[in-house]
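Notes follow the structure.
The values are calculated or read from the model by the stated rules, or taken from the named source; none is laboratory data. Values in this document were obtained by computation on a predicted structure and should not be read as measured data. Backbone-built Cβ (ideal geometry, glycine too); neighbour counts: all protein chains shown.
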Ligand SMILES: NC(=O)c1ccc[n+]([C@@H]2O[C@H](COP(=O)([O-])OP(=O)(O)OC[C@H]3O[C@@H](n4cnc5c(N)ncnc54)[C@H](O)[C@@H]3O)[C@@H](O)[C@H]2O)c1
């Protein structure tokens, strides 16, 4: 099939490469020429495990091509995906200006019947706006479908090629069948391709992210109760997650959620509901708790060291919003760094892949290091902020010899307080019974 994907970011590049890898001819379009030049030269502009081989293979077979021209990509395409960004806009609603620009441009270049697929996360009901924008210029017939994307950064390829389900929001059986054909290589194990109306498809995307974010915020709130009563959130989590009705995922208390999806989509759902006079209390609480949680680690540091942090140095272990990605959007590290720096501290940070992404958004006073050991050299405390695998079993003897004071703030509860304290550290986790007193 001839496919065009407009927007070559975390979603568009993964989708384009995976469609090409299953035999389709794919044009990936982006307005950012430097991004495309890097791709053509075999260099990925984002960090995503496993994606480099697929992109390299697809470019070599000439099934995957890159262009800045929507015209070039759309004229030959049977299916066009819109995968441009929809960042937070006014009143929490997503900013759809890039989608509008692209939709208007697509309309100008349709030469025959084409299916246009919304993969960007759009406000509920916006499939109609997209159809209207395309229709303003279109000389050929088209259908607009809502096909929300559920991939997770860090395991995006795996999620894309083995999705739990694919959601297709369309009223037309022929459109659904065409997309079933395109997605068929990814659902060989029988995972469903669910047909629903476009509004329900758009709502499903927000519902999933808001629900997962609510689970995290619920655990973060409970962790405070654990601290108040002397319980341990990790034991509570184990007791909960073994209940099959609850399950294991997204039940980890920590330094707050970030990324390009949860914060934006929770805000958007609240804003979208308000446009119809509906008040959504759970998403509102989810967001409030998360905002509070992102300040927690800095608050704990100040409670231990005192509010004035002049002369104190802190080692950040990890910067990205979660492991296996370089994405810094809404990462808790941004706020923690700013709080500590504003209180007079020095911050030295190490992340396995996010330094380059961090440099454009993180406070410029942060110093970048080549390892957690270098970051910990002369530091008064280490703060585990992102649970990268390589931080799980560091050389503790080396860590101890680097740190000025043996103090560890475990922002993701990945360490055993007993083990850490037995080495002579002061340990501060999130809702852990054996945390030292603040
Ligand atoms: N990142 C995720 O994990 C994820 C998961 C599911 C859904 N989504 C949704 O998918 C959409 C894309 O997200 P992303 O993370 O891939 O965004 P991104 O910012 O990584 O990529 C968007 C790309 O679109 C390009 N673009 C913008 N305007 C353009 C135009 N007029 N013409 C051509 N290219 C243009 C940008 O240059 C950029 O490369 C968003 O709506 C997001 O909410 C993201």
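Quick notes
- Per-region count, the stretch 181-209, residues under 22 Å from residue 54 (Cβ atoms), surrounded by 13 or more Cβ atoms within 10 Å (Cβ to Cβ) and either without any contact (Cβ under 8 Å) to a residue 60 or more places away in the chain or not assigned by TED's automatic domain parsing to the domain that holds residue 78 (or both): 4
- Put simply, of 406, 359 the only residue that is surrounded by fewer than 17 Cβ atoms within 10 Å (Cβ to Cβ) and in the same structural domain as residue 336 (by TED's automatic domain parsing) is 359.
- Taking the conditions (1) surrounded by fewer than 18 Cβ atoms within 10 Å (Cβ to Cβ); (2) in contact with a helix residue (DSSP H, G or I) (Cβ under 7 Å, 6 or more places away or on another chain) in turn, residue 83 satisfies each one other than (1).
- Taken over the stretch 4-30, the criterion of being part of a helix (DSSP H, G or I) and either within 6 Å of the ligand (Cβ to nearest atom) or within 13 Å of residue 151 (Cα to Cα) (or both) is satisfied by 10, 11, 12, 13, 14, 15, 18.
- Residue among 84, 55, 99 that alone is assigned to a helix (DSSP H, G or I), in the same structural domain as residue 178 (by TED's automatic domain parsing) and near the ligand (Cβ under 10 Å from one of its atoms): 99
- Residue in the stretch 412-430 that is in the same structural domain as residue 293 (by TED's automatic domain parsing), closer than 20 Å to residue 310 by Cα and in a helix (DSSP H, G or I) present: no
- Verdict on residue 330 being closer than 25 Å to residue 427 by Cα, surrounded by fewer than 24 Cβ atoms within 10 Å (Cβ to Cβ) and in the same structural domain as residue 262 (by TED's automatic domain parsing): no
- Test: residue in the stretch 151-171 that is at positive phi and surrounded by 18 or more Cβ atoms within 10 Å (Cβ to Cβ): yes
- Residue pairs whose Cβ atoms lie under 7 Å apart, sitting 6 or more positions apart in sequence or on different chains, and linking a residue in the stretch 45-59 that is without any contact (Cβ under 8 Å) to a residue 60 or more places away in the chain to a partner that is surrounded by fewer than 19 Cβ atoms within 10 Å (Cβ to Cβ) and not in a loop (DSSP other than H, G, I, E, B), are 45/38.
- When residue 315 is tested against (1) buried (at least 17 other Cβ atoms within 10 Å of the Cβ); (2) closer than 23 Å to residue 223 by Cα, only condition (2) is not met.
One line per residue, one yes/no per condition, for (1) surrounded by fewer than 22 Cβ atoms within 10 Å (Cβ to Cβ); (2) under 25 Å from residue 141 (Cβ atoms):
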{"residue": "56", "(1), (2)": "yes, no"}
{"residue": "62", "(1), (2)": "yes, no"}
{"residue": "65", "(1), (2)": "yes, no"}
{"residue": "72", "(1), (2)": "yes, yes"}
{"residue": "93", "(1), (2)": "yes, no"}
{"residue": "97", "(1), (2)": "yes, no"}
{"residue": "100", "(1), (2)": "yes, yes"}
{"residue": "106", "(1), (2)": "no, yes"}
{"residue": "113", "(1), (2)": "yes, yes"}
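- Residue in the stretch 144-164 that is more than 22 Å from the chain's Cα centre (by Cα) and closer than 23 Å to residue 118 by Cβ present: yes
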